[in-house]
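*Asks:* Please find one structure pasted underneath; my questions will follow.
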Amino acid sequence: MVSMVKPKGRTPTKSRTRKIGAAVAAVVSVAGMVSAATPATAAGYPTSTFSIEVGASYYKGTVTWYNRAVGVDGAFKAVGERRVYAQAWAASTWLDWNSSSTWVDRSGPASLPLVADVAGGATRVQVWMTSGDPYDGLEYFTCYRGESVCSGPYVGKPPVTPLDPVD
């Protein structure tokens, strides 16, 4: 015959609560291990800031120096026709470039991711703005990984761009 006497000090509610508590603790523990294994966020990488301003148009943002890539992200406002570009270098070796489309009287976020698949990543990035004509450079900055700074603004476009004709 089975006894139906419940143990002293333990009610079914307390037992259920303890089981749920143990399950929650296990989930939290596993979540902690998963978050510890995730890669570093952008906050863990060096950054440089730039601010291109031409009249009422601007591209203001941040260069994030990853190991084998560069993130160029900013707020872009085009008054009239404007376009923004970025290119990456490792010392004197050109690596990659990217550009927005031509924007006309609009604003929003603009990201220009760059590949820098060399040991040590990119050492220099140039960011510039043009009018609707890609050869009409308005203003640019040169950003450096080692110092995590950008120098500029300079009038025009960088001396060497992917749009320049090859001799």
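The values are calculated or read from the model by the stated rules, or taken from the named source; none is laboratory data. Predicted model only: the values in this text are computed from it and were never measured. No Cβ is skipped: glycine too gets one built from the backbone with ideal geometry, and neighbour counts run over all protein chains shown. Just the protein is used for accessible areas: all its heavy atoms, side chains included, with ligands, DNA and RNA removed. Shrake-Rupley method; radii C 1.70, N 1.55, O 1.52, S 1.80 Å.
*Asks:* Percent of accessible area on the range 37-167 owned by carbon and sulfur, 1.4 Å probe?
*Replies:* Details: 3490 of 6440 Å².
The computed percentage sits at 54.
*Asks:* How large is the dipole of the range 85-159 about the Cα centre if only Lys and Arg carry +1 and Asp and Glu carry -1, each at its Cβ, rounded to the nearest 20 debye? Don't jump to the answer; show the numbers that get you there.
*Replies:* Details: 4 positive and 7 negative charges, 29 e Å.
For the range 85-159, the charge dipole is close to 140 debye.
*Asks:* Give the distance, in whole Å, between the Cα centre of the range 115-166 and the Cα centre of the range 46-85.
*Replies:* Their Cα centres are 11 Å away from one another.
*Asks:* Separation between the residue 106 and residue 67 pseudo-spin-labels, each 7 Å from Cα along Cα→Cβ, expressed in nm?
*Replies:* That separation, rounded to one decimal, is 3.6 nm.
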